[in-house]
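Have a look at the structure below before the remarks.
Computed from the coordinates by the stated procedures, all read-outs in this text should not be read as laboratory data. Everything quoted here is computed from the prediction, not taken from an experiment. Please note: Cβ atoms are built from the backbone with ideal geometry, for glycine as well, and neighbour counts cover all protein chains shown.
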């Protein structure tokens, strides 16, 4: 069995978990295994039906009131208990903030090594191998994992969804025993940032600003564009963040986030090597920069040489026209 | 407060990574190695806590003799003690292996501690696994990717970065905390610090001394292949009147790239 952990926030299953389940389904078919999903929480069975159409033969729902809020140690214990029973060969997570927190705790509990933030998987000689970036994408390794289960996190926005269909999977509810002492840390609250923009790792379009933005106030130009474009987020280069123009959450690159959106718009970003590492797996890259020799143009599918402050206003108007069509 | 900070030597972020393909490893010759940037935040945080509450800060690295330079840097920043756990094996990309070495150190050599600090990940292996693995193996609470840490008596609370928000988490000490950029502004070494660090002896502990035999530290990960990322081709580049450029750009996005 390939078992996939399904993350949910605010009563919805995360799209990146469905992507992970989809990849699990494809590999399970190749390996002659079944793929199952697991949801953890309190009163979450309604989410199981959202999960079934993505190929899960079973959706396990692990219930316990102590798990109504995320807890790395509590969730790891619940997954460990289930894994003891159903003995998955492969255990997959999406590499979200939660997945990256939980998967290594789980792997250590099971005594197995794991592969982080994979961007590909492949079947070789009857077993699964994992492809993952290192040095923020300056190199890629293909690794085999000798432990059972093989544990990996898969990067969001990389793996396509399988076509959803009714396939008669089964929902299996289980009450898991968790002691209060197994909740090592308490999640007190979730503090939202003002404006609550989409995170760059989850965005399909990223509009990113660099040193050329010249100041914090000019990032409003990018926020305005982001408001026009659905599923978009505002990103930034390290120099913009280090200048204090925008919060580090937005930073793309080797000491920020590595992203693979459908479109990366680099505005006033020269393209330092540590920035390129973080965004060059974007599906399309567009750069606007007044320096026609800026390194960013070497990776851009479409380059616009010019002053961003003169180009962005008419760009916004043209964009509005096309979007309203 | 007795604090341990675990640090790693990594190539700086400006490095171009070249690969020795037959051996599936990166070519280290010519690279500039530094203290992992996220570990710098962890060291700074430890120093600030010690300055507020007293105690000792011990930095620990698992690696070859070359890691001595980053331990010296931490001492020059103000850490009290440094320890090198000598591991001459090449990078295995196996987080559990390193976590087990650290756990063995904690159990056999560390004595008491209140806080175990890490960078949220090394820039390089990019695993982001070891803090959570150590927390699990030591049965401790974890707060990963934190931008704020507060200690009140025997309790800690952190703000941990998640997508578009932060989680506020509280826990009893001892605990594992991993640092994200934004936690603090790491200090520079002082001249006095650098001089003192030069003289300071750094104890070296071997894996055998920790009771780890070859079998115990054998990686469970095999690197089958290492490659450079696919080269991107530079596409079209346009110049001209802003109005016209804007129009062409939208046209590209809409008709060619079909992303809008």
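Quick notes on this one:
- With a 10 Å cut-off around each Cβ of B:22-31, the average count of Cβ atoms from other chains is 1.
- For chain B, the C-alpha radius of gyration divided by 2.2 N^0.38 Å, with N the number of residues, is 1.20.
- Divide the volume of the convex hull around the Cα atoms of chain A by the residue count and you get 147 Å³ per residue.
- Using C-alpha pairs below 8 Å separated by at least 6 residues, the relative contact order for the stretch A:2-182 is 29 percent.
- Value of relative contact order over chain A, rounded to a whole percent, pairs C-alpha under 8 Å and six or more apart: 14
- Helix-only [θ]222 nm of the protein assembly as shown, DSSP H runs n ≥ 4, -39500 (n - 2.57) each, per residue, nearest 500: -8500 deg cm²/dmol
- Ratio of the Cα radius of gyration of the protein assembly as shown to 2.2 N^0.38 Å, where N counts its residues: 0.96
- Principal-axis tilt of helix B:95-108 within chain B, Cα atoms, nearest 10 degrees: 20
- Over the stretch B:1-117, the Kirkwood radius and the radius of gyration, each from Cα atoms, give a ratio Rg/Rh of 1.00.
- Remark: the stretch B:173-228 projects, on average over all directions, an area of 9.2 nm² (convex hull of Cα atoms).
- For the stretch A:129-178 and the stretch B:96-163, distance of Cα centres in Å: 24
- Per residue, the Cα convex hull of the stretch B:103-188 amounts to 127 Å³.
- Degrees, to the nearest 10: A:97-110 long Cα axis against longest axis of chain A: 40
- Using alpha carbons only: equivalent-ellipsoid semi-axes of the stretch A:200-324, gyration tensor based, whole Å: 19, 16, 15
- Normalised contact order of chain B, rounded percent, pairs of Cα under 8 Å and 6 or more residues apart: 23
- With respect to chain A, whose longest principal axis is taken over its alpha-carbon atoms, helix A:72-86 is tilted by about 50°.
- Listed residues B:20, B:175, B:82, most fluctuating in chain B (Gaussian network, C-alpha, under 10 Å): B:20
- Cα-based shape type of the stretch A:142-183, given that a ≥ b ≥ c are square roots of the gyration tensor eigenvalues and the cut on a/c is 1.5: oblate
- In terms of overall dimensions, the stretch B:97-244 has a Cα radius of gyration and Dmax of 21.5, 70 angstrom.
- 18 Å tail of the calculated P(r), the stretch A:1-102, as % of Cα pairs: 41
- The per residue volume of the convex hull around the alpha-carbon atoms of the stretch A:2-182 is 108 Å³.
- With neighbours defined as other Cβ atoms within 10 Å of a residue's Cβ, the residues A:2, B:194 order from fewest to most as B:194, A:2.
- Kirkwood-Stokes translational diffusion coefficient of the stretch A:171-243, alpha-carbon pairs, 20 °C, 1.002 mPa s, µm²/s: 138
- Residue mean of other protein chain beta carbons inside 10 Å, A:290-302: 3
- Centroid-to-centroid separation of the stretch B:172-203 and the stretch A:250-320 [C-alpha atoms, Å]: 36
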